[in-house]
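Working notes, beginning with the structure itself.
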Amino acid sequence: MRVLSIMGSPRIGGNTDLLLDEALRGAQSEGAEVEKIIVDKLKISPCKEYNACLRDGNCVIRDDMDDIYPKLLDADVVIVASPMFFYGLTSQVKALIDRCQALWARRYVLKQGPPDSGRKGAFIAVGATRGKQLFDGSILTVKYFFQAIGVEYVDELLVWGVDRKGDIKKHSTTLVDAFEMGRRLAHR
Ligand SMILES: Cc1cc2nc3c(=O)[nH]c(=O)nc-3n(C[C@H](O)[C@H](O)[C@H](O)COP(=O)(O)O)c2cc1C
């Protein structure tokens, strides 16, 4: 059982990162092999709409996405974790997702995608404010991303009202929720 996680905050040790670590600890407690991709540390160009991927399913841009495509296709579980920036995912994560247009093209244009095989996906998100719709747009983005890579959106952990670095530690139940979510995801 391989769990691949995408940590979308630029703030290492921040709220998203701490929650994700708990989820990964939960997955490890079920024996899963886990990996955390810190997107901010990578070089990932935004999609440039060269559209070459529509012909053969491969992106012509050479950067750190080269290593991420096979990992996304291999993982049994994919977790996307991001703070809300202007009611959306961070631009770091959004660039990674947009570059998965190549995987979308394989599935939906070239019909090369493997059949859905029960791979699971989950979304962890935090935001400072308390608006009811805070996460709505990002949930749609993550669901559509998962669809493009053949992963089913099965779980989410959305946390309102955390702003400063480490604020999440004041939400002890949320950290437990993250651990439990990781455990559930890795449970066969
Ligand atoms: C550029 C920027 C935009 C933000 N936009 C929002 C927003 O639209 N809604 C919100 O509730 N919080 C917003 N925030 C606050 C962060 O979501 C919040 O501080 C969060 O806890 C940061 O998580 P992290 O520690 O994982 O980076 C924004 C913060 C930054 C830096």
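Rule-based calculations on the coordinates, nothing more; no lab input. As the structure is a computational prediction, the values presented were derived from the model and not from experiment. Please note: Cβ atoms are built from the backbone with ideal geometry, for glycine as well, and neighbour counts cover all protein chains shown.
In region 1-107, which chymotrypsin sites (Phe, Trp or Tyr not before Pro) fall in coil by DSSP and have 15 or fewer other Cβ atoms within 10 Å? Walk me through the intermediate numbers first.
Values: sites: 50, 85, 86, 87, 104; in loops: 50, 86, 87.
Answer by residue number: 50, 86, 87.
Could you tell me whether region 136-188 comes out rounded, prolate or oblate from its Cα gyration tensor? Rule is a ≥ b ≥ c as square roots of the eigenvalues, rounded for a/c under 1.5, then prolate if a/b exceeds b/c, otherwise oblate.
Working: a/c = 3.42, a/b = 1.43, b/c = 2.39.
Oblate.
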- [ ] Could you tell me which of rounded, prolate or oblate describes region 66-164, using a ≥ b ≥ c as the square roots of the eigenvalues of the alpha-carbon gyration tensor, with rounded for a/c under 1.5 and, failing that, prolate when a/b is larger than b/c and oblate otherwise?
- [x] prolate
Open item on the list: Nearest 5 percent is fine: what portion of the DSSP beta bridges confined to the chain is antiparallel?
Closed with: 5 percent
Task: Low-density loop cleavage sites - GluC sites (Glu not before Pro) in region 14-59, where at most 10 other Cβ are within 10 Å (DSSP) - done: 49
Task: 222 nm mean residue ellipticity, helices alone, for the chain (DSSP H n ≥ 4; -39,500 (n - 2.57); rounded to 500) - done: -11000 deg cm²/dmol
Task: GNM flexibility winner over the chain from 147, 101, 112 (Cα, springs under 10 Å) - done: 112
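Of the trypsin sites (Lys or Arg not before Pro) in region 41-143, which ones lie in a loop per DSSP and count no more than 14 other C-beta atoms within 10 Å?
When the trypsin sites (Lys or Arg not before Pro) of region 41-143 are filtered for loop state and at most 14 Cβ neighbours within 10 Å, 43, 48, 62, 111, 130, 132 remain.
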